[in-house]
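A.B. asks: My structure is below; once you've seen it, I'll send some questions.
The values are calculated or read from the model by the stated rules, or taken from the named source; none is laboratory data. Here the structure is a predicted model, which is why all the values come from computation and not from measurement. Backbone-built Cβ (ideal geometry, glycine too); neighbour counts: all protein chains shown. Just the protein is used for accessible areas: all its heavy atoms, side chains included, with ligands, DNA and RNA removed. Shrake-Rupley method; radii C 1.70, N 1.55, O 1.52, S 1.80 Å.
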Amino acid sequence: SSAASDVYKRQTQGIRLAAQVEVLLSWHRIQDAQWADLPFYKKVRRVVDTVLLRQAYRKAAAENPALERIFVQERDQANVQMTLNAKNYLLAAEPKGNLYGALYSVLATDDPNQRKSMHYIGSCIGRIFYLLDKAERFEADRRNGQYNVFVVNELNGQAAAIEYARRQALAAVNDLMRAYKMLDLKLNDTLLNNIMILGLQHAVYPLSLIHI
């Protein structure tokens with residue numbers, strides 16, 4: 001039927017869009033890596049990943065330039081925060097929150113309320129990722145003179161930074177769940193499945209940089 005065909009088409013488009021987001025996230029994550037901190041074998045792995053991803057990245061960026069602009073804007077905003085040496089945690093995490101908020105909003109249905117909820121969920125997830133990543137990088141960034149919001153705030157070591165990030169993450173998850181409950185789960189079923197996979201992968205990745 002026509003209705004079934006429309007549903008299938010929307011699901012296919014959603015999966016394709018999620019795949020493009022995944023490619024762009026992976027590409028920009030590699031570009032943002034601080035190579036000086038990585039052991040030799042990880043540098044080799046990054047070079048291989050870059051070569052393998054380059055064609056997929058160019059295709060995704062060409063097919064959806066609006067998505068690519070979101071990443072460029074996030075990078076520019078993050079550079080401003082680094083230049084300002086920002087001490088405010090929410091302000092420092094804002095570019096990453098804006099990035100994930102925009103990405104999740106793009107992946108949502110056309111319903112304005114659904115988009116608003118997905119944007120908020122993405123913003124919470126982006127804030128969590130940013131703070132956990134910076135907490136794990138505390139010692140390396142302090143040693144190398146790299147901007148880190150926890151170092152700027154003179155926290156007493158990496159353990160204190162991780163504990164602060166954990167508390168903030170729990171608060172963000174509580175906020176996220178309130179927005180999640182406002183979603184029409186049936187309407188967003190395929191989308192949410194893709195996002196859960198995407199979100200879990202990128203939540204684990206920053207920690208694996210240190211522990212793998």
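A.B. asks: Using the heavy atoms of the protein chains alone and a 1.4 angstrom probe, what is the accessible area of the range 35-85 per residue in square angstrom?
C.D. replies: Result: 68 Å² of accessible area for each residue.
A.B. asks: Working out 0.36 nm times the residue gap between A171 and Q55, then minus their Cα-Cα distance, what length gain in nm do you get to one decimal?
C.D. replies: Computed gain between A171 and Q55 is 37.9 nm.
A.B. asks: Moving to a separate point now. Please compute the net charge surrounding V151, taking Lys and Arg as +1 and Asp and Glu as -1 over other residues with Cβ under 11 Å from its Cβ.
C.D. replies: Details: positive: K87, K134, R137, R142, R143; negative: E139, D141, E154.
Summing Lys and Arg as +1 and Asp and Glu as -1 gives +2.
A.B. asks: Grab the beta carbon distance between V44 and R75, set R0 = 25 Å, and tell me the FRET efficiency rounded to 0.05.
C.D. replies: Details: r = 25 Å, r/R0 = 0.99.
E between V44 and R75, to the nearest 0.05, is 0.50.
A.B. asks: Specify whether the C-alpha gyration tensor of the range 105-159 places it in the rounded, prolate or oblate class, a ≥ b ≥ c being the square roots of the eigenvalues: rounded for a/c under 1.5, otherwise prolate if a/b is larger than b/c and oblate if not.
C.D. replies: Prolate is the answer for the range 105-159, as a/c is 1.5 or above and a/b outweighs b/c.
A.B. asks: Accessible area of the range 68-111 with a 1.4 Å probe: how many percent of it is carbon plus sulfur?
C.D. replies: Numbers: 1170 of 2250 Å².
Carbon with sulfur: 52 percent of the solvent-accessible area.
A.B. asks: When ranked by the protection proxy of mean other Cβ atoms within 10 Å per residue, highest first, what sequence do the peptides 161-170, 18-27, 43-52, 95-104 form?
C.D. replies: Working: 161-170: 17.3, 18-27: 19.5, 43-52: 12.6, 95-104: 23.3.
The densest-packed peptide leads the list: 95-104, 18-27, 161-170, 43-52.
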